[in-house]
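What follows is a short report on a single structure.
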Amino acid sequence: MTESNLKKILDAGHFAFTGELGPPRGANVAAIMEKAKFLVGNVDSVNITDNQTAMVRMSSWGASLIAMQAGLEPNYQMVCRDRNRLAMQADILGAWAHGIRNMLCLSGDHQQFGDHPQSKGVFDIDSMQLIGMVRKMRDEGKFLSGGDIDDSPKMFIGAAANPFAEPFDWRVHRLAKKIQAGADFVQTQCIFNMDKMRRWVQQANDMGLTEKVYILAGVTPMKSLGMARYMKLKVPGMDVPDDIIDRIKGVDKKKQADEGIRIACEQIQEFKEMKGVAGVHLMAIEWEHRVPEIAERAKVLPRPKV
């Protein structure tokens, strides 16, 4: 049985660097291969999103298999919005059987924000219960019903965290609950408010949580002033301080993307030295072709072999 490369990287004490790949709005294999070529060799694992923003896309597990053919290790995302517990457990078994070793458990963006707002949200179980279900399947060899599994899936279990949602002081306790449920690693929301992130990590350190879970800090390079303003005003759960807006506003329009990358690289450098942070999850949204440059400028290359 092959073990998760991401798990081996983190267990060995290396600073992890993961990426993201959004499946296409169709059955276009070439689109995945084109994105993948910029990620191979530059990231330890790559998130394959599951109908992100509640828009219909190629399935996460389907795109994960294609990403594997391209030489990437997928971090297979599953949201609670679209499936009941039978379908979830069936998909987990199928994903494991095909060689998928990492899984990120999420609630999912509400369908009212996507292209099928009239669709019925399932939410049979929530993300906390999904984490616990995957752990039960892995560690106990049991379905949620209590029935025995023939060859249980040994997934490396991931969860998401938003250090910026209110009430802020509750966020670290929600992290603790996800760890208790069975999360092995946690990827955070895109971070722009570094002061609040520092406080959240310090709280996690003080509670001993960072000794129980690997925290990967979410970093998204701003492409433009328009993107920064949109993230600040329109994206739920996002915290973009005015100093980030002012910094991007302060450069020539043609240089705003470069300034966004510079900010991201500064963040990555700080996270490398921050106690309690085990790596970075780079969300270069539809900007995969810039990942090699970002990885180079952030001095996270070459990636370790384990």
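Summary of values
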read-out: Distance between region 279-293 and region 1-58 - C-alpha centres, whole angstrom; value: 11
read-out: Residues whose placed amide H lies under 5 Å from that of Gln77, excluding near-sequence neighbours; value: Ile48, Leu104
read-out: Cβ-Cβ FRET estimate between Met55 and Glu166, R0 fixed at 25 Å, reported to 0.05; value: 0.40
read-out: Relative contact order %, the chain, counting alpha carbon pairs below 8 Å whose residues are six or more apart; value: 19
read-out: Over 23 Å (Cα to Cα) - which of Lys37/Lys234; Lys249/Lys272; Lys178/Lys275; Lys196/Lys275; Lys234/Lys272 fall in this group; value: Lys37/Lys234; Lys249/Lys272; Lys234/Lys272
read-out: Qualifying GluC sites (Glu not before Pro) for region 1-45 [loop in DSSP, other Cβ within 10 Å: at most 12]; value: Glu3
read-out: Reachable aspartates and glutamates, given that their alpha-carbon falls under 19 Å from the alpha-carbon of Lys35 and they are not under 8 places away in the same chain; value: Glu20, Asp44, Asp50, Glu73, Glu286, Glu288, Glu293, Glu296
read-out: Neighbour-count ranking [beta-carbon atoms within 10 angstrom, fewest first] of Lys154, Lys177; value: Lys177, Lys154
read-out: Part-to-part distance (alpha-carbon centres) for region 66-91 and region 161-231, which is given in Å; value: 23
read-out: Two-site FRET efficiency, Lys275 against Phe123, from Cβ-Cβ distance with R₀ of 51 Å, rounded to 0.05; value: 0.90
read-out: Asp243 paired with Leu301, simple spin-label distance in nm, labels 7 Å along Cα-to-beta-carbon; value: 3.0
read-out: Ranked packing of 274-282, 116-124, 225-233, most packed first, by mean Cβ within 10 Å; value: 274-282, 225-233, 116-124
read-out: Förster-model FRET efficiency, 35 Å R0, Glu293 and Leu86, C-beta, rounded to 0.05; value: 0.20
read-out: Correct choice for Cα extents along the principal axes in Å that was computed from the model, options [x] 60, 47, 45; [y] 55, 45, 39; [z] 86, 46, 42; value: [x]
read-out: The chain, helix-only ellipticity at 222 nm - DSSP H runs n ≥ 4, -39,500 (n - 2.57), divided by all residues, nearest 500; value: -11500 deg cm²/dmol
read-out: Student exercise, region 178-245 dipole from Lys, Arg, Asp, Glu Cβ charges, in Debye to nearest 20; value: 260
read-out: Interchain or long-range residues, amide H under 5 Å from Gly19's placed H; value: Asp44, Ser45, Val46, Asn47, Leu282
read-out: Shape category assigned to region 112-203 from the gyration tensor of Cα positions, a/c cut at 1.5; value: oblate
read-out: Extension reserve of the Glu140-Phe113 stretch, reckoned as 0.36 nm per residue once the Cα distance is removed; value: 6.0 nm
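FYI, it's all coordinate maths here, none of it is from the lab. Because the structure is predicted, anything quoted here is derived from the model rather than measured. Cβ: placed from backbone, ideal geometry, glycine included. Neighbour counts: every protein chain shown.
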